[in-house]
Each structure stands twice: as C-alpha cells, then as structure tokens.
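First the structure, in the form of structure tokens, and then the observations on it.
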Ligand SMILES: Nc1nc2c(ncn2[C@@H]2O[C@H](COP(=O)(O)OP(=O)(O)OP(=O)(O)O)[C@@H](O)[C@H]2O)c(=O)[nH]1
Ligand SMILES: [Mg+2]
C-alpha cells in the first residue's frame, strides 16, 4: 500500500494511526469482521464454510476477484488472540464433512488466518483475517453497551412492552425494596414466560448460557427450574456473584426508598457489562465490517414473539456497533476517535441465511423483503455517509438440490425425528412459498402456523464425495469477496 493511500486512510478516519503503522511494520492488512446473529441463525456454519472455501480455494467455483495463494492459521501463534480462545475450525469442519451440522456455540472464540491474496492484475497482498464467533444468546446483551444501569432499565421498559413484563413490574412494586430475592424470583418468572412465548433472546444472556444444553431446550418447567440455579448476572473468578434485575423508572425518583437496591444492582450491572459485554462489543465495534445473520424461515415458523424479539435485539446490536446518523459535532467526535484509536464499521451486510431451504428466485427475493421490513429501521439509523448497507440471501452450505423429476421443489437428506441416530434419508418435498410481507397480526400468524403455511424442512449438509470440504453455497462467494475487499 502506498504512503499516500495510507495517509488518506488516516486523515479520513477510515483507519487508525495505530493500524496503519502496525500494518506497515507487520506487512499485512488486518481485516476484522463482526459476525452477529441470534442463536441458530447460522454463524458457525457461515464461518466454517467461508474458511473452508478460502483454504481450498477454487477460483472458478468461488470467484473472489482474485485467488488465495496461501492460507495459514499457524502463522498466528498462541491458543488465544485478543484474549479470546481460537475457533475450533477443524472440529467444525469435521462435522460438515461427516454430513452433520456443527455443535451449538457455548463460548466466544476467534477465527484468525493469514492469507496471501492475488488480484486479477497479479498484485499480491498479505491479509490477516479475524472473525469472532459468539453464542447467539450474547446478542441480547448488546443493548447494555454504552448504557448506564438506569438507561438500560428504561430501554427494557420501552422495548419489553409485553404483559409478561407488566406482570414483572407489578410484582416488583408489590415486593418492595427491602429484599432482593423476590425481585430475582419475579424476573426469573418473566424470563421463563419469554421462553414459553418463543423469544430467542434473554438478557442477561449468562442466565441462558449458564444452564446446560438439555435444560436449555427442555420444557418450560425444566427451564424455569434450571434458571433458579444460575445467578441473574455472573459469578467472577473469586466466586463472587454480581447480579441485577431491571427496575421500573418510578423507583429512580428522588428520595425513593429503592436507593439502596439501585446502588447494588448498578454495581452488579456495571461489573457484568465490564466483564461480559464490553470486551466483545468493543472488539466488534472496532471491526470494519458487520455481517448480521438472520434466519427468516425459523422466524416465520416461530411466530410474532420471536420476530419482535429479533427486531428488538437486532436493532440494539446494530445500533450499538455502527456509527449512527447525528449532528456535525458527533460526527467530528467519531472522526477523531476513528483516527486515533479504532476503525469503525464501514459496511453492514444483513444476510438471510439458509436460503437453500426455499426454492425459486421469487422466494429468495421475498426473504430480502422480509429482512428489510424487520431490520430496515435499524439500517436507516446508521450513518450512511460512512457505512454502506446491503441485504442478501445466502446459503453457506447448501443441503438441498432442485428436484430432477420435473416437479417443483427440492430434495435433500431429511432426518427422521423418530430415529435421530439413523442416517437421514433422501427425500423430495415442496417447501412453502415465502410471503413478501410478515403476517399482519399475531392471530393471523398463529392460524398460519397451525395450518402448516410455513413449512421449510431443514435438511442435513449434502455434498458430493469430491466436494467434502467445499460445500455448495449460494452467495457465500459474493459475501466473501465483500469481506476481503478494501472499504474505500
Ligand atoms: N439448510 C441450511 N441450514 C443451515 C445453514 N446454516 C445453518 N443451518 C442450520 O442452522 C443451524 C444452526 O447453525 P449454526 O451455524 O450452528 O448457528 P449459530 O448462529 O452458530 O448458532 P449459536 O451457536 O447457537 O449462536 C444448523 O445446525 C443447521 O441446521 C445453511 O447454510 N443451510
Ligand atoms: Mg454457533
């Protein structure tokens, strides 16, 4: 990279002085990418398939506007990077190669690779790619980034305008400020109610991640009993519990008897944010690209509550990470901080995953329309003079093929719930069409679910023997090219 283009990058706030100097010394460009999305949105599969295609790059099948000359994970030594354990790439890839999906993520990790990329003119560039994989539950905590305890309480009250939250607030007022225990019990009841209603996100996320997998996917009663055993917060290395629950705005009034509890909860909240939320949120805010993954098909199948929760937490996460539209003064402040410390997110890609589970172009276009209706407001709040935005359907790993018998629809390996250990049999089916708009009311939605209107069977990964590590994909190549491109 020339001296002049580096200087331009620094002056425009595109890259911090430290990054430019660091790159000049180290001889490579660092690309930091934030991959976000709620649980089971497809982040780990996306990351694994992406790394696999870069590792065994075939420019004809996976055009990147160039080719990967070398792929090296060992060039970056150490079991951790930026304080995060390294992503278990081999393990995740072995799942795909066996025709299975990777296991659910329970802890944040980082995938870091060195690549030597050659563009079409033959110019070569060394790149260090860093991508973090989070358990999707963590997304529920991003609203805490940059918010004090009190403003988080306000946010909860505004965003969780549900009968369950109203019942929680009533229980808080009834219990009073003398004892915290009834408040924790009431908040756990609220979380259990959210779980029953199908909300994929629960905050603080440590509650959900703290219970084991079986209980996490178990019955509502098992879930309620399980969350009794974990703090509404976290336990630090010295065994000290830092817990908190949100309080209604009326508790914060001057001279209120809630003052003591507010102080205690604010301490727990601050420690939780500093220990659990901020390290990962700051890392992600310092990334230059954000890939926000969202699984429209599961949302259609789950109903209004899941969709509201996805919108609420998706907006909070995109808002917490991206520069927002604002006054000239705020823009100046951001420019200064960009020059001195961190790069900022310059591109947001909303990726509607599992697009191989629908068939026809129209259905895939409708996935984009649904995503725009769901997260368009969040994207419109982003400072578009600095950040580009795009919505794209994608299948990181195609598990289906078009039917070959002349009938409309798909075929693929579908597991039999009665025999979960048996090899999935190849089946043919016609998935439902994707609507161009979300159902208008929750009643309409429930009726549609009851009628089986949203039927998108989830198949297992399906490869030809020769493709084992290069799964068929849809638009992953376009996203990979965007991921590696310079944001000029
Ligand atoms: N058909 C199809 N299914 C996919 C694809 N990607 C993910 N899936 C399905 O979605 C499930 C979840 O994918 P993951 O990548 O584990 O999701 P995640 O976002 O990492 O989830 P957490 O680890 O819980 O945060 C998989 O087990 C698959 O069933 C895809 O490209 N095509
Ligand atoms: Mg995962």
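All of (1) modelled with pLDDT of 95 or more; (2) buried (at least 20 other Cβ atoms within 10 Å of the Cβ); (3) more than 16 Å from ligand 2 (Cβ to nearest atom) hold for residue 145 with one exception: (1).
Only one of these is outside any helix (DSSP H, G or I) and more than 29 Å from residue 45 (Cα to Cα): 170, 178, 189. Name it.
Exactly one residue qualifies, and that residue is 178.
Filtering the range 148-158 to residues that are touching a residue at least 60 places away in the same chain (Cβ under 8 Å) and within 18 Å of residue 272 (Cβ to Cβ) leaves 148, 149, 150, 152, 153, 154, 155, 156. For the range 102-117, a residue qualifies if it is farther than 15 Å from residue 480 by Cβ and away from ligand 1 (no atom under 16 Å from the Cβ), and the qualifying residues are 112, 114, 116. Exactly one residue out of 88, 77 is under 20 Å from the mean Cα position of the chain (by Cα), assigned by TED's automatic domain parsing to the domain that holds residue 355 and without any contact (Cβ under 8 Å) to a residue 60 or more places away in the chain, and it is 88. When you scan the range 149-163, do you find a residue that is within 16 Å of ligand 1 (Cβ to nearest atom) and either at negative phi or surrounded by 14 or more Cβ atoms within 10 Å (Cβ to Cβ) (or both), even just one? No: the range 149-163 contains no residue that is within 16 Å of ligand 1 (Cβ to nearest atom) and either at negative phi or surrounded by 14 or more Cβ atoms within 10 Å (Cβ to Cβ) (or both). For the range 314-321, the criterion of being more than 20 Å from residue 135 (Cβ to Cβ) and at pLDDT below 90 is met by at least one residue. Looking only at residues of the range 423-482 that are part of a helix (DSSP H, G or I) and modelled with pLDDT under 90, we find that the one that is nearest to ligand 1 (Cβ to nearest atom) is 467. Note on the range 114-126: residues that are closer than 23 Å to residue 84 by Cα and either within 16 Å of ligand 2 (Cβ to nearest atom) or in contact with a helix residue (DSSP H, G or I) (Cβ under 7 Å, 6 or more places away or on another chain) (or both) amount to 1.
Checking each residue in the range 64-96 for being within 16 Å of ligand 2 (Cβ to nearest atom), part of a loop (DSSP other than H, G, I, E, B) and either modelled with pLDDT under 90 or within 23 Å of residue 126 (Cβ to Cβ) (or both) picks out only 87.
Select, from 107, 164, the only residue that is closer than 30 Å to residue 268 by Cβ and assigned to a helix (DSSP H, G or I).
Answer to the check: 164.
Every listed requirement among (1) within 15 Å of ligand 1 (Cβ to nearest atom); (2) under 21 Å from residue 484 (Cα atoms) is met by residue 73 save one, (1). Exactly one residue among 130, 137 is closer than 30 Å to residue 483 by Cα, out of contact with any helix residue (DSSP H, G or I) (no Cβ under 7 Å at 6 or more places or on another chain) and in contact (Cβ under 8 Å) with a residue 24 or more places away in the chain, and that residue is 130.
Among the residues here, residue 173 qualifies as more than 30 Å from residue 400 (Cα to Cα) and surrounded by fewer than 17 Cβ atoms within 10 Å (Cβ to Cβ). Filtered by the rule that a residue be in contact with a strand residue (DSSP E or B) (Cβ under 7 Å, 6 or more places away or on another chain) and in a helix (DSSP H, G or I), the range 375-415 gives 375, 379.
Scanning the range 97-109 for residues that are within 13 Å of ligand 2 (Cβ to nearest atom) and within 21 Å of residue 399 (Cα to Cα) yields 101, 102, 103, 104, 105.
Scanning the range 89-101 for residues that are within 12 Å of ligand 1 (Cβ to nearest atom) and surrounded by 16 or more Cβ atoms within 10 Å (Cβ to Cβ) yields 92, 95, 96, 101.
The values are calculated or read from the model by the stated rules, or taken from the named source; none is laboratory data. Values in this document were obtained by computation on a predicted structure and should not be read as measured data. Cβ sites come from the backbone with ideal geometry, for glycine too, and all protein chains shown count toward neighbours.
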